[in-house]
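The values are calculated or read from the model by the stated rules, or taken from the named source; none is laboratory data. The shown structure was predicted, so the numbers you read here are calculated from the model rather than taken from an experiment. For neighbour counting, all protein chains shown are included, and Cβ atoms are generated from backbone atoms with ideal geometry for every residue, glycine included.
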Amino acid sequence: MKFRTIYILFNVVVVASFLFVFFLPFFLLGGEYSLAFWKTNWYLALVFILIIGGLNAFFLANWKIFTCVEREDWATLSAYLVDKIFTKKRYSSHHVTLLVNAYLLLGDVEGIGKLEAELSSRRPELLRKNAVLFGVTRLLQNKPAEAEAFFKGYLEAKGVENRDWLRFDYAFSLVLERRVSEALPFLREGLSSGDAVLSLLSAYLIGSLGAAAAPEAEREELHKLSDATRSQIKKRFPGKKWEREVERAKGEVHIVILSKLIDDAGRWLLE
């Protein structure tokens, strides 16, 4: 459904709901009592007007963003957000997230680097909040050492979004550097994650690489942990249900970057 249609339907539904509430006293109590009711409670109508006005102002202020996302016009969206952030210095977490996602979809790594430098200098809290997005850019470039160093600085930082994924990405960076034993504590954490995709990836890496890299005395325990997590996820997401869960997860661009690993883990799950 097109954004314009959604916007119109939203206004129709909200206005119709208000009119229903507005005329309800008339139908239940009659005209005289209805007039007396609204003379006493006139502020309710004012509150409604302010709410619908505020919501419409939000939609209109972000109209270009919504239409660009709807058309998947990432080039126009990134140009619009660059003007907002770099030229007009209007920083917001929402705009930063959208711009990084647009850059990732365009493969514009240089643009992400410029945005990271801008935030590092002027708004480090926004860089910290979106650390996962900036870190996976290094994985996308096949620079695990740089990714590991970047993620490490935010492992215990406050205000980081998708913290579980950040810690997993840090562990995955270590795995790519063949430092699997260092990654194991973080992969163990991932086993208990509420995110089924993250939990499965952790189990898959523990069972395939972690156990092999661990001392012989720990290998059986790691295999058991890995198999137990796989069994639990397989019961929760049998067959097509797992595919739907993966599609849901891939709504996040930073997860799409791990698609090959997710596909490998999915085949392992469904064996």
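Given the criteria of a type in the set (Phe, Trp, Tyr) and either more than 18 Å from Leu261 (Cα to Cα) or free of Cβ contacts under 8 Å to residues at least 40 places away in the same chain (or both), does Phe151 qualify? Break it down into steps so the answer makes sense when it comes.
Details: of a type in the set (Phe, Trp, Tyr): yes; either more than 18 Å from Leu261 (Cα to Cα) or free of Cβ contacts under 8 Å to residues at least 40 places away in the same chain (or both): yes.
Against the criterion (of a type in the set (Phe, Trp, Tyr) and either more than 18 Å from Leu261 (Cα to Cα) or free of Cβ contacts under 8 Å to residues at least 40 places away in the same chain (or both)), Phe151 qualifies.
Return yes or no: is Asp195 of a type in the set (D, E, K, R), in contact with a Gly (Cβ under 7 Å, 6 or more places away or on another chain) and modelled with pLDDT of 90 or more? When the stated conditions are applied, Asp195 does not pass them.
From the list Val96, Val132, the lone residue that is over 30 Å from Val180 (Cα atoms) and at pLDDT 90 or above is Val96. Being surrounded by 23 or more Cβ atoms within 10 Å (Cβ to Cβ) and hydrophobic (A, V, I, L, M, F, W, C) is the filter here, so list the residues in segment 134-165 that pass it. Within segment 134-165, Phe134, Val136, Ala147, Phe151, Trp165 qualify.
Against the condition touching a residue at least 60 places away in the same chain (Cβ under 8 Å) and over 30 Å from Gly113 (Cα atoms), how does Ser208 come out, does it pass? Outline the logic, then answer.
On the way: touching a residue at least 60 places away in the same chain (Cβ under 8 Å): yes; over 30 Å from Gly113 (Cα atoms): yes.
So Ser208 passes the test.
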